[in-house]
Amino acid sequence: MAQNSLNELAKETFLREINELADEQGVTTDTAFSRWICKEFLRLEDDDDIETAVEIGGSNDRAVDFFWIDDEPAEREAQSINWGQAKFSETLDRVFDSDALDHFVQSIGRLEDSPVESNSAFKNASEEFRAVGGVDSQIQKRMYLCVAGSINAQVEEDISPGSDWRQRNLSTTTGPSIEIIVIDLNKIIQQCVQRQTGPVQITFSNEAKKPDGTMVQVSSIVNRIDSVTGRPSIFGYVNADELLKLKRSEADTLFAQNVRQGLGTNTSPNKKMVKTLQDDVDKQKFWKYNNGITAICDKLEKVEGVNNKYKITNINIVNGRQTTLCLEENHGYVDDNVLVGLTIHEAEDEDERNKISQATNNQNPVNPLDLITNQDELRILESDCNTNHRNWFFERQRGGFDYNPTTRKDRTRITPRRRMKKGDVSRAYYAFYENAFDAIKIADSKMYDADDPVYYNKIFDNRSIEDFMFVHIFTESIKSLLKTWKNQIVQNKEQQPMEFQEVWHDELTPTYKEILRKKQIQYVLLNWISDTFKSFPNRNQNDIKTKMIADFGALDKPTPIPNEFIHIINAAFTNFMYIFNMNRNTTWELDPANPGQLRMPSPPVLKKKIADQKDSKALIKMLLDAKADQIAQAKASGAAILDPIKPRFEFFLNASP
């Protein structure tokens with residue numbers, strides 16, 4: 001179910017992007033599709049470069065809709081000639097058949113010898129093609145078969161590895177063979193869900209230094225074939241610079257399937273890595289002391305004519321983010337003596353990829369929250385947030401807000417207060433909508449168990465990102481009220497003018513601050529607020545939620561959280577304490593100084609009553625029931641205000657469009 005929802009969201013995203021491109025550029029959706037391919041798969045970021053690549057498309061284009069030579073890499077074998085045909089359909093059911101393939105493959109000969117009637121852009125492309133060596137060039141040659149739909153069975157058979165068709169049409173006399181890269185609807189969906197990497201080339205070390213400094217040849221690669229899937233895996237050692245080069249070229253995507261982003265260099269294993277790098281002798285043993293790096297990919301191929309170099313399509317490091325982070329932050333100590341073990345598994349099955357990621361992350365502790373990083377429900381939330389709420393950030397990967405692809409500009413726009421850490425916001429959601437006591441007490445191992453999803457489904461199944469955003473606003477408003485109280489206490493002590501006096505509680509304020517600082521009390525307060533919120537009709541709930549999300553999302557970094565948000569928290573907390581104190585026979589404790597008398601418990605004791613006693617769950621329910629009784633009594637007496645929290649919500653309801 002979640003996978004279907006993710007796919008449908010990806011399709012909607014793709015079609016929206018194509019139509020936006022068409023409108024912005026004043027072109028057809030067919031041309032917009034070519035532009036999209038150039039941006040997403042050829043990695044062309046500059047609009048002028050994209051314009052140059054797609055100008056070939058049109059009348060007399062010889063079945064070529066885009067053409068681009070990538071000559072930026074310093075190594076010639078890393079350079080590439082890229083051309084493709086793109087067939088679009090709004091219904092996403094276009095079929096690329098054998099006739100289209102035959103027509104497309106003729107472009108090879110036509111680029112070698114351009115027909116007279118070709119358009120001028122094609123003639124220019126043909127000239128560039130021949131200038132870099134043409135069909136027999138030593139650089140990579142890639143044909144992109146792009147269709148917003150699928151290829152038929154015959155085309156799939158023709159282009160399969162080792163086929164006669166490939167031998168006839170794609171072989172070369174010298175240099176690497178011509179590749180055909182298929183970008184069909186499945187690839188488009190995959191790209192919209194998670195941007196792809198590469199293809200990249202990685203060179204494995206085939207030399208070792210002896211104690212006297214001389215170099216000897218060693219085996220560079222260990223190969224193994226999966227007996228179930230038939231897919232290859234390789235292991236070898238690479239120079240650390242090779243990894244840093246890979247990180248620089250694929251910064252936005254390389255760690256997208258890792259269960260977390262960087263944890264910094266202050267964890268115990270990471271400190272040891274740094275110490276090793278900074279020692280001239282120990283750094284030569286880095287490959288022994290480090291667990292190495294594990295990566296997954298879609299395709300793993302040996303580069304023709306080079307025994308220790310591989311071309312890897314859509315590589316993703318699933319274990320080793322802390323290693324690469326330490327290498328990055330200590331790059332001044334990285335030299336030819338620093339080697340790192342690298343294992344790469346070719347694996348396209350999503351379940352297998354996730355299992356590899358989870359099983360290999362053990363050098364730094366992995367908590368249960370990390371293990372749900374790649375679940376479809378989390379990806380849907382991330383995609384929904386990135387697409388529809390650009391001023392917000394849902395942190396699917398632990399630490400994701402601090403690293404690529406999140407930029408400094410993104411962080412400035414989003415601000416830390418609109419950063420939703422999945423652990424914090426998911427427990428807050430559970431406290432708000434489900435049960436405060438369970439949010440307090442249920443261990444992460446149970447709360448985030450996707451295999452036995454008793455709690456997981458209540459949080460994530462069919463969840464909208466707006467549900468999390470709404471709850472997050474309350475948690476941030478709690479922080480703002482606590483900060484206000486802290487300032488007021490100082491202002492009162494120093495007899496300074498007091499800010500926001502409406503939320504000042506005289507001599508009780510320091511005690512209230514210490515009570516509300518407890519996370520357990522905050523969860524109960526969220527449930528308390530939810531109880532009032534749910535008393536509104538559904539339509540009004542949606543209006544309140546929409547207005548609060550819009551107002552909070554529009555705040556820039558220096559603007560404080562508006563008072564009306566804080567008023568909700570203050571009203572709820574005041575009401576909670578009133579009900580708590582009204583039921584003092586149950587909630588208060590005996591006063592040792594006055595036998596037979598009761599006293600209000602201290603903040604630590606109050607927290608214990610709410611969270612750590614056998615009857616804590618029943619106590620929370622009793623307080624909520626007492627709140628309902630109070631509202632009923634106020635209604636019966638004809639009181640103007642039945643629930644003191646409700647008028648604060650009505651402010652947003654009345655302000656709704």
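What follows draws every value from the coordinates through simple rules; no lab data is involved. Values in this document were obtained by computation on a predicted structure and should not be read as measured data. Neighbour counts run over all protein chains shown; Cβ positions are idealised from the backbone, glycine included.
Please list, ordered by chain and number, the residues whose modelled amide H lies under 5 Å from the amide H of LYS299; skip anything fewer than 5 residues away on the same chain.
THR313
Using a ≥ b ≥ c from the Cα gyration tensor of the range 507-587 (square roots of the eigenvalues), is it rounded, prolate or oblate, where a/c under 1.5 gives rounded and otherwise the larger of a/b and b/c decides, a/b for prolate?
Numbers: a/c = 2.79, a/b = 1.43, b/c = 1.96.
Oblate, since a/c reaches 1.5 and b/c is not below a/b.
If one takes the longest principal axis of the Cα atoms in the chain, at what angle in degrees, from 0 to 90 and to the nearest 10, does the Cα axis of helix 519-533 lie?
Here the helix axis deviates by roughly 80 degrees.
What ranking, highest mean first, results for peptides 512-524, 484-496 when packing means the other Cβ atoms within 10 Å averaged over each residue?
Values: 512-524: 21.0, 484-496: 14.2.
Taking the mean over residues of other Cβ atoms within 10 Å, the ranking is 512-524, 484-496.
Taking the 0 to 90 degree range and rounding to the nearest ten, how far is the long axis of helix 350-360 tilted relative to the main principal axis of the chain, both from C-alpha atoms?
Rounded to the nearest ten degrees, it is 70.
Please work out how much length the chain gains when fully extended from ALA655 to ASN538, using 0.36 nm per residue of separation minus the C-alpha to C-alpha distance, in nm with one decimal. Mind showing how you got there, number by number?
On the way: separation 117, 0.36 × 117 = 42.12 nm, distance 1.68 nm.
Result for the pair: 40.4 nm of gain on full extension.
Label ASP591 and SER249 with points 7 Å out from Cα along Cα→Cβ: what is the distance between them in nm?
Reported label-point gap for ASP591 and SER249 is 7.6 nm.
Would you please put 427-439, 109-121, 541-553 in order of how densely packed they are, using the mean number of other Cβ atoms within 10 angstrom per residue and starting with the highest? Spell out each step's value before the answer.
Values: 427-439: 22.5, 109-121: 14.6, 541-553: 17.5.
Ranked by mean Cβ neighbours within 10 Å, highest first: 427-439, 541-553, 109-121.
Please label the shape of the range 301-382 as rounded, prolate or oblate, based on the square roots a ≥ b ≥ c of the eigenvalues of the alpha-carbon gyration tensor (a/c under 1.5 means rounded; beyond that, a/b larger than b/c means prolate, else oblate). It would help to have the intermediate numbers written out before the result.
Values: a/c = 2.42, a/b = 1.30, b/c = 1.87.
In terms of gyration-tensor shape, oblate.
Do any of LYS441/LYS483; LYS302/LYS422; LYS483/LYS607; LYS288/LYS409; LYS187/LYS275; LYS187/LYS409 go past 31 Å between their Cα atoms, and which?
On the way: LYS441/LYS483 26 Å; LYS302/LYS422 40 Å; LYS483/LYS607 20 Å; LYS288/LYS409 39 Å; LYS187/LYS275 42 Å; LYS187/LYS409 29 Å.
As for pairs spanning more than 31 Å Cα to Cα, those are LYS302/LYS422; LYS288/LYS409; LYS187/LYS275.
Could you pull out every residue, at least 5 positions away or on a different chain, whose amide H is within less than 5 Å of the one on VAL95? Hs are placed 1.01 Å off N in the peptide plane, and Pro or chain starts have none.
The list, which skips near neighbours in sequence, is SER150.
Find out how many positive minus negative residues lie around ASP282, taking Lys and Arg as positive, Asp and Glu as negative, among other residues whose Cβ is under 14 Å from that of ASP282. Let's see the in-between values first.
Numbers: positive: LYS271, LYS272, LYS275, LYS283, LYS285, LYS288; negative: ASP279, ASP280, ASP335.
Computed value for this residue: +3.
Counting DSSP beta bridges in the chain, what percent are antiparallel, to the nearest 5?
55 percent
Note down the nm distance, to one decimal, between modelled labels 7 Å out along Cα→Cβ at GLU72 and at GLU51.
1.9 nm
In deg cm²/dmol, rounded to 500, what helix-only [θ] at 222 nm does the chain give when every DSSP H run of at least 4 residues adds -39500 (n - 2.57) and the total is split over its residues?
Details: 29 runs with 320 residues, N = 657.
My calculation for the chain gives -15000 deg cm²/dmol from helical runs alone.
Please work out how much length the chain gains when fully extended from ASN487 to ALA131, using 0.36 nm per residue of separation minus the C-alpha to C-alpha distance, in nm with one decimal. Before the final figure, lay out each step's value.
Details: separation 356, 0.36 × 356 = 128.16 nm, distance 7.09 nm.
Fully extending the segment from ASN487 to ALA131 adds 121.1 nm.
HN-Hα J couplings of the range 410-426 from phi, Karplus 6.51/-1.76/1.60, θ = phi - 60°, integer Hz, Gly and Pro as x?
Karplus values, whole Hz, x for Gly and Pro: 4, 5, 5, 5, 6, 6, x, 6, 9, 8, 9, 6, 4, x, 5, 6, 6.
Using modelled backbone amide H atoms (1.01 Å from N, in-plane), which distant-in-sequence or interchain residues come within less than 5 Å of GLY399's amide H?
Amide H neighbours of GLY399: GLN261.
Quick one: divide the alpha-carbon radius of gyration of the range 200-366 by 2.2 N^0.38 Å and tell me what you get. Mind dumping the intermediate values first?
On the way: Rg = 15.6 Å, N = 167, 2.2 N^0.38 = 15.4 Å.
Expressed relative to 2.2 N^0.38 Å, the Cα Rg reads 1.02.
Out of all Cα-Cα pairs in the range 385-655, roughly what percent, to the nearest whole number, are more than 33 Å apart? Could the numbers behind the result be given before it?
Working: 8873 of 36585 pairs.
Summing the P(r) tail past 33 Å for the range 385-655 gives 24 percent.
For q = 0.05, 0.11, 0.12 Å⁻¹, what log10 I(q)/I(0) does the chain give under the Debye formula with an equal point scatterer on each alpha carbon and no solvent?
-0.33, -1.16, -1.28
Whole-Hz Karplus ³J(HN,Hα) for the range 294-299, in order, using 6.51 cos²θ - 1.76 cosθ + 1.60 and θ = phi - 60°, x for Gly and Pro?
In residue order, the calculated couplings are 10, 10, 10, 7, 7, 8 Hz.
What angle, in degrees between 0 and 90 and rounded to the nearest 10, separates the Cα long axis of helix 538-553 from the longest principal axis of the Cα atoms of the chain?
Between the helix axis and the principal axis of the chain, the angle is about 70 degrees.
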